[in-house]
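The values are calculated or read from the model by the stated rules, or taken from the named source; none is laboratory data. Please read all numbers here as calculations on a predicted model, not as lab measurements. When we count neighbours, we look across all protein chains shown, and the Cβ atoms used for this are built from the backbone with ideal geometry, even at glycine. Just the protein is used for accessible areas: all its heavy atoms, side chains included, with ligands, DNA and RNA removed. Shrake-Rupley method; radii C 1.70, N 1.55, O 1.52, S 1.80 Å.
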Amino acid sequence: MTEVQKYSVLETTSAFEIRDYEPHILLTTIEAGNLNSAGNRAFSKLANYIFGGNVKSQKIAMTAPVLEVPDGNGYAVSFVMPADMTLAEMPQANPGLTIREMPAAKYAAIRFTGLATDELFSKKEKQLREALDKANLPSSGAAEYARYSGPWTPFFIRRNEV
């Protein structure tokens, strides 16, 4: 079973959850294009690294979600590394990839199903920001788009989040 990024739910409303995410390590690449084209190109680079295409030929378990953050004319696409890995254990990043340690943080999240498209994620991001405004909770920074399901999963049960 695929490891899912760890978090604790601090509050649940009818519109969103407030979550506390544990510190984690991200493997990231930036790709031009829309959500799907950037995601597909990035996925192959990131997957190559974790499947042993790194300087140590070290295999690293696949986790969920795949994170995408709008970045100029494309997306910064990241794999979350397994929770038991440390930064010191990570093989050196391949060209075009970066490895960074992220501190614990609180996020608001909204979960939904469907095919991952720029339009769907933008709509859900707007919905989340409006719900946060209505609850008098500030939001800041770029939204992170999270895809948990593989491409073989029927669209109507795919887990997505903003």
Matching residues in the stretch 24-59 (out of contact with any Ser or Thr (no Cβ under 9 Å at 6 or more places or on another chain), of a type outside the set (A, V, I, L, M) and open to solvent by 90 Å² or more (accessible area, probe 1.4 Å)) number 4
Scanning the stretch 84-104 residue by residue, those under 14 Å from Ala42 (Cα atoms), out of contact with any strand residue (DSSP E or B) (no Cβ under 6 Å at 6 or more places or on another chain) and either in contact (Cβ under 8 Å) with a residue 60 or more places away in the chain or open to solvent by 80 Å² or more (accessible area, probe 1.4 Å) (or both) turn out to be Pro95
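Within the stretch 150-161, track down each residue that is part of a loop (DSSP other than H, G, I, E, B) and either touching a His at 6+ places or on another chain (Cβ under 8 Å) or open to solvent by less than 40 Å² (accessible area, probe 1.4 Å) (or both). Don't jump to the end; show me each part of the working.
Pass one, the stretch 150-161, residues part of a loop (DSSP other than H, G, I, E, B): 150-154, 158-159.
Matches in the stretch 150-161: Gly150, Thr153.
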task: Kindly check whether there is at least one residue in the stretch 73-82 that is open to solvent by less than 70 Å² (accessible area, probe 1.4 Å), out of contact with any strand residue (DSSP E or B) (no Cβ under 6 Å at 6 or more places or on another chain) and within 23 Å of Leu26 (Cβ to Cβ).
output: no
Looking across the stretch 105-116 at residues that are surrounded by 13 or more Cβ atoms within 10 Å (Cβ to Cβ) and not hydrophobic (A, V, I, L, M, F, W, C), the single one that is nearest to Leu26 (Cα to Cα) is Tyr107
For the stretch 56-83, pairs from a residue that is under 13 Å from Ala143 (Cα atoms) to a residue that is among the basic types (Lys, Arg) and not in a loop (DSSP other than H, G, I, E, B), with Cβ under 9 Å and 6 or more apart or across chains, are Leu67/Arg147; Glu68/Arg147; Val77/Arg41; Val77/Lys45
